[in-house]
Amino acid sequence: MTKYDLVSIVRPTADDSLVEEIHKSITEIITTNGGSISEQAVWQKRKLAYQIETFNEGIYSITTFEAPPTVPSELDRVLKISDDVIRHKVLKMES
């Protein structure tokens, strides 16, 4: 399995329960496809370097996980259709 980092930015108007719900859906996608999560955390609300949609701030979160190569494309597909996640990026970590 390959190690990945998922960095996502949630809209700043989201409450804690919505952020937890997004984390649960990410966890579910990874674990049902044979992966495992080693770390998942919310950094905090931060000012964005540039405006995304109409937002100047965002809630950053990071998930470190190991999974088969098919999982990042599934995460990308699900997070693209989410209205609450304004940006995300799955990064493959070096071995």
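The values are calculated or read from the model by the stated rules, or taken from the named source; none is laboratory data. Keep in mind that what you see is a predicted model, and the values were worked out from it rather than measured. Every residue, glycine among them, receives a Cβ derived from its backbone with ideal geometry; neighbour counts consider all protein chains shown. Please note that ligands, DNA and RNA were not included when accessible areas were found on the heavy atoms of the full protein model with its side chains. Shrake-Rupley method; radii C 1.70, N 1.55, O 1.52, S 1.80 Å.
Worth pointing out:
- Scanning the stretch 1-17 for residues that are open to solvent by less than 70 Å² (accessible area, probe 1.4 Å) and in a strand (DSSP E or B) turns up T2, Y4, D5, L6, V7, S8, I9, V10.
- Evaluating K92 against the criteria (1) in contact with a helix residue (DSSP H, G or I) (Cβ under 7 Å, 6 or more places away or on another chain); (2) touching a residue at least 24 places away in the same chain (Cβ under 8 Å) leaves one unmet condition, (1).
- Entirely in the stretch 18-95, the strands (runs of 3 or more DSSP E) that have 1 or more residues that are of a type in the set (S, T, N, Q) and either open to solvent by 60 Å² or more (accessible area, probe 1.4 Å) or in contact with a strand residue (DSSP E or B) (Cβ under 9 Å, 6 or more places away or on another chain) (or both): 36-52, 55-67
- Meets criteria (in contact (Cβ under 8 Å) with a residue 40 or more places away in the chain and hydrophobic (A, V, I, L, M, F, W, C)) for L48: no
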